[in-house]
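Here's the structure we're looking at; comments come further down.
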Amino acid sequence: MSELNLTPNIPDPDDFYAELLAAHEGLTKAESDALNARLILILANHIGDRKLLSAAIEAARAAGQE
Amino acid sequence: MNRIFETPLYPYTRSADQDALSAPHHRVVVVGAGPVGLAAAIDLALQGVEVLVLDENDKVSFGSRAICFAKRPLEILDRLGAGQRMVDKGVVWNLGRVFFRDREVYSFNLLPESGHRRPAFINLQQYYFEKFLVDRLREIEAEGAPIELRGMNRVEAVGLHPDHVHLEITTPEGPYELTCDWLIACDGARSPIRGMLGLDFVGKVFEDNFLIADVVMEADFPTERWFWFDPPFNPGQSALLHKQPDNVWRIDFQLGWNIDRKEELKPENIDRRLRAMLGEDIRYELEWSSIYTFQCRRMEKFRHGRVIFAGDSAHQVSPFGARGANSGLQDADNLCWKLRLVIEGKAPESLLDSYDVERIQAADENILNSTRSTEFITPKSEISRIFRDAVLDLSEHHEFARPLVNSGRLSVPAVHDGSPLNGPDALFGAPARTRPGAPATDAPLGQGFLLDRLGNRFVLLALGTEAPERLEEQGIIAEGLTVAPSQIGKELRERYLGEAPSAVYLIRPDQHVVARWPAFDETATRAALNRATARS
Ligand SMILES: Cc1cc2nc3c(=O)[nH]c(=O)nc-3n(C[C@H](O)[C@H](O)[C@H](O)COP(=O)(O)OP(=O)(O)OC[C@H]3O[C@@H](n4cnc5c(N)ncnc54)[C@H](O)[C@@H]3O)c2cc1C
C-alpha cells in the first residue's frame, strides 16, 4: 500500500491553483462551501483507500494548528 | 379503521396467586408484554422453563410504533414458531427513492441476497407483531407449555435478594406479592424497574421532534420507501413515506426542536402537512399520530444479579434504521438458552455475564449506527449540513455518493467477535461471514432451509465430512447434522465452506457459530462446548 504523498505531485501547480480559484469565481460563500464539499467528496472517493484518507485528514488538521 | 390496539387482548382475570397466604413462587417472571417480553417468555416456555408474564396493560402497543422488522428477528420468530404469520401479513418492499429539495435524486433496489428463507425485512405494524406473539403464546399454552400472561398486573416494587426476587404487584382488585428465581425486565424505555433499582440510563438526547402520522388511504403509490431531505413541503427538515399492511401509510415529518407540540398535533395542522406533501385532493383517515423526540442511550450493565434487562429497558436508539424491537428480539434470543442452562444447573451463573458482553456490544453498534443516521438526517452544525447537502447533490449525478446517503441503515445482527463463548476458527479458507460469534447465515438445504434445522440446542453441522449424531459433554448435548456432499448447494458452499473442502461447525442454541474446524475433533468439540457454556 502506498503512503500519503505530501511531496509535490501536481505537474502544473500554478495552472491547477488558478483553475481551482476560477471554479469559485462569482459564487457566494455558501455556493463556494458547497463546491468545496463536493470536490472533497469526489477526490476522497477517487482515493478510496481508508488509511490514506485518514492520513490526509490528519495532515490537513495538523497543518492548521499553531 | 383498525382498532386492534383499543381492544383488550389479554384482559385481567383473577389469579389464584392473589388469594395465596404467602407470596407464591415462580421460576421466571417477565415484566412487560411488549415485543421483547413476549418473545422471551415464548422462548423460555418452549424450552420447558416455567414463566409468568406481567403487564400493566391488557392491549397491544398503542398505535403502530415499530413498522420495520428485519431478517434476523424473523428468523428468531421462526425458531419460536411465529415467523410465518408475520411474513404472511407483512409488506415486502425492495425499492427506495431518495428526494432532495424538489427532485428525486436517485432510487435503489435492495436486491436482497437469494437463498434465504426470509426477506431482508418486512413492514408490519407493531400491534400486529404483538398480537401474533400473543396468539403464539396462547397456542403453546394450550399445548401445555408452562406459560401464563396476566394483564392489568402492574409491578410496583422489586426487592433484589441473593437467591430470589420479590415483587409487589397491583391489579384492579388490589395488590399481591410474588417471588421468583429470575426476573427479566422488558418494561420498555421508561422502565419502572430500572428506576426502582436506582440504575442509570445514560446517553444522548437529540434536539429534534418528529411527527408520526399513520394514515389509511387508498393511494396508488407503489410499495416503496420514499425519503425526502429538505422538501418544499417541509423546508429544512426531512420526511418519510412507508407502506404498511391494510393500506396504512407511515408518514414521518421532522419538525425541529422548538415546536408547539399541542399545535402540531391538531388534526387540522396534520391535515395541512399531509395535503402539502401528498396533494390537496387526497382522501385519508388518520389512524394514529404522535410526536417523538429521540434518544440514544443504554444501561451500563444489563444484568443486575437476578434481574436482567432486555429490549428498550436496557437500550434505546433513534428509530432510523429500525433497531429498537429488532435488537430487543436478539436480546431475548441471546438470553433465553443461557438462562435455561443456568436454571437446569448445567451452566454456572457466569454464563449470564456473556449476555452482558454480547448484547452490550450489539447495543453499542446499534447506537453508533442510529447516531450516524441521525447526524445525516439532522446535521448538527453548518459544516455538517454543507457536507450532507453535497452528498445529496452528488448522489443525483454520481453513483459513488449514494452509499454515503444515510436515511437509516438496515438493522443487521451483531457478530460477537471476541466473545468469551467463542471457540477456535480453525477452518482455513472459510468465509468471514460465518466466523465464530456470527449468527449462522441461512442457505437452502434439501427441500427447506438450513436455519430451520438449527437452534434450541447445540448442533454440530458437518459439511462434506461426518459428525456424530449425538455428543454429550457433562449434561450438554450437541446433535449432529451431517450434510452429504451431494446435498451441499451453491449457497451452503459459498457461505460455509469457501475454499475449504469440508467443515464442522458447532452452533449455539441461538444459531450463533461457536467454532469451526475442517473435520470432527472430539476433544476440541468438548472443549468448545464447555467454553460456550462458561464451564471453562
Ligand atoms: C415511532 C417509532 C417507530 C419505531 N420503529 C421501529 C421499527 O421500525 N423497527 C424496530 O425494530 N423498532 C422500532 N421502534 C422501537 C420499538 O417500538 C421498540 O424498540 C419496542 O417496542 C421495544 O419493545 P420492548 O418490548 O422492549 O418494550 P415496549 O414495547 O415498550 O413494552 C414494554 C411493556 O412493559 C409494560 N410495562 C411497563 N411498566 C410496567 C410495570 N411496572 N408493570 C408491568 N408492565 C409494565 C408496558 O405496558 C409495555 O407493554 C420504533 C419506535 C417508535 C416510537
Next item on the list: For residue B:301, go through the lysines and keep the ones whose alpha-carbon is under 21 Å away, minus same-chain ones fewer than eight residues off.
Entry: B:204, B:338
Notebook entry, point to check: Based on DSSP, what percent of beta bridges with both residues in the range B:432-532 are antiparallel, to the nearest 5?
Noted result: 75 percent
Check: What is the set of long-range amide H partners of residue B:237 at a cut-off below 5 Å, with H atoms built 1.01 Å from backbone N?
Finding: B:230
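In deg cm²/dmol and to the nearest 500, what is the mean residue ellipticity at 222 nm of the protein assembly as shown if only DSSP H runs of at least 4 residues count, each as -39500 (n - 2.57), divided by the residue total?
Details: 14 runs with 186 residues, N = 602.
The helix contribution divided over the protein assembly as shown gives -10000 deg cm²/dmol.
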Note to self: Using the Karplus curve 6.51 cos²θ - 1.76 cosθ + 1.60 with θ = phi - 60°, what ³J(HN,Hα) values do you get for each residue of the range B:314-319, in whole Hz, with x for Gly and Pro?
What the structure shows: 8, 7, 9, 10, 5, x
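Carbon-plus-sulfur fraction of the accessible area of the protein assembly as shown, 1.4 Å probe, in percent?
Working: 13660 of 26430 Å².
Percent of accessible area from carbon and sulfur atoms in the protein assembly as shown: 52.
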Notebook entry, point to check: Out of residues 5 or more away from residue B:66 or on other chains, whose amide H comes under 5 Å of its own, with H placed 1.01 Å from N in the peptide plane?
Noted result: B:126
Margin query: What is the angle, in °, between the Cα long axis of helix A:29-47 and the longest principal axis of the Cα atoms in chain A? Nearest 10 is fine, range 0 to 90.
Written below: 30 degrees
Item checked: Unit charges at the beta carbon, dipole of the protein assembly as shown: most positive-side option, B:401, B:480, B:513 -> B:480
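Can you give the FRET efficiency for residue A:5 and residue B:224, using 1/(1 + (r/R0)^6), R0 = 41 Å, r = Cβ-Cβ distance, to the nearest 0.05? Before the final figure, lay out the partial values.
Values: r = 44 Å, r/R0 = 1.08.
Computed FRET efficiency for residue A:5 and residue B:224 comes out at 0.40.
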Item checked: Karplus 3J(HN,Hα) series, Hz, for the range B:173-184 with 6.51 cos²θ - 1.76 cosθ + 1.60 (x for Gly, Pro) -> 9, x, x, 7, 10, 9, 10, 8, 6, 9, 10, 9
Margin query: Could you derive backbone 3J(HN,Hα) for the range A:54-64 from the dihedral phi with the Karplus parameters 6.51, -1.76 and 1.60 (θ = phi - 60°), listing whole Hz in sequence and x where the residue is Gly or Pro?
Written below: 4, 5, 5, 4, 5, 5, 5, 5, 5, 5, x
Next item on the list: With a 1.4 Å probe on protein heavy atoms only, tell me which residues of the range A:27-43 lose at least 50 Å² of accessible surface in the complex relative to the chain by itself.
Entry: A:38, A:41
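Could you report the buried accessible area between A and B, both sides summed, computed with a 1.4 Å probe and given in Å² to the nearest 100?
On the way: alone 5790 and 21380 Å², together 26430 Å².
Buried surface at the A/B interface: approximately 700 Å².
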Next item on the list: Return one whole number: the accessible area per residue of chain A in Å², for a 1.4 Å probe.
Entry: 82 Å²
Next item on the list: Hey, for a label at residue B:143 modelled as a point 7 Å past Cα toward Cβ, could you say which residues of the range B:441-478 have their backbone N under 14 Å away?
Entry: B:456
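Around residue B:482, what is the net charge, scoring Lys/Arg as +1 and Asp/Glu as -1 over all other residues with Cβ under 10 Å from its Cβ?
Details: positive: none; negative: B:466, B:469.
That sum, taken over residues with Cβ under 10 Å, equals -2.
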Next item on the list: Between the alpha-carbon centers of the range B:315-350 and the range B:380-398, tell me the distance in whole angstrom.
Entry: 38 Å
Next item on the list: Give me the distance between the Cα centres of the range B:133-208 and the range B:476-499, rounded to whole Å.
Entry: 41 Å
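What does the extension gain come out to for residue B:350 and residue B:375, with contour length at 0.36 nm per residue minus their alpha carbon separation?
Separation in residues times 0.36 nm, less the Cα-Cα distance, equals 5.2 nm.
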Checklist line | Cβ-based net charge around residue A:30, under 12 Å, with every Lys or Arg adding one and every Asp or Glu removing one | finding: -2
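What dipole magnitude, in Debye to the nearest 20, does chain B give about its Cα centre under +1 on Lys/Arg Cβ and -1 on Asp/Glu Cβ? Before the final figure, lay out the partial values.
Numbers: 62 positive and 78 negative charges, 161 e Å.
It comes to approximately 780 debye.
Using only Cα atoms, figure out Rg for chain B and give it as a multiple of 2.2 N^0.38 Å. Walk me through the numbers on the way to the answer.
Numbers: Rg = 24.0 Å, N = 536, 2.2 N^0.38 = 24.0 Å.
Ratio of Cα Rg to 2.2 N^0.38 Å: 1.00.
For a quick check of your reading of the filter: which chymotrypsin sites (Phe, Trp or Tyr not before Pro) in the range B:394-487 sit in a DSSP loop and have no more than 15 other Cβ atoms within 10 Å? Please report the intermediate quantities before stating the final value.
On the way: sites: B:400, B:428, B:449, B:458; in loops: B:428.
In loop regions of the range B:394-487 (DSSP not H, G, I, E or B), the sparsely surrounded chymotrypsin sites (Phe, Trp or Tyr not before Pro) are B:428.
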Checklist line | DSSP-assigned coil residues among GluC sites (Glu not before Pro) in the range B:182-270, each with at most 16 further Cβ atoms within 10 Å | finding: B:207, B:218
Next item on the list: Please compute the net charge surrounding residue B:451, taking Lys and Arg as +1 and Asp and Glu as -1 over other residues with Cβ under 9 Å from its Cβ.
Entry: 0
Notebook entry, point to check: How much accessible surface does residue B:272 have with a 1.4 Å probe, in Å² rounded to 10?
Noted result: 130 Å²
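The values are calculated or read from the model by the stated rules, or taken from the named source; none is laboratory data. The model shown is predicted, which means the values in this text are computed figures rather than measured ones. Methodologically, a virtual Cβ is constructed for each residue, glycine included, from the backbone with ideal geometry; neighbour enumeration extends over all protein chains shown. Ligands, DNA and RNA are stripped out before the accessible areas are found, and what is left, the full protein with its side chains, is counted by its heavy atoms. Shrake-Rupley method; radii C 1.70, N 1.55, O 1.52, S 1.80 Å.
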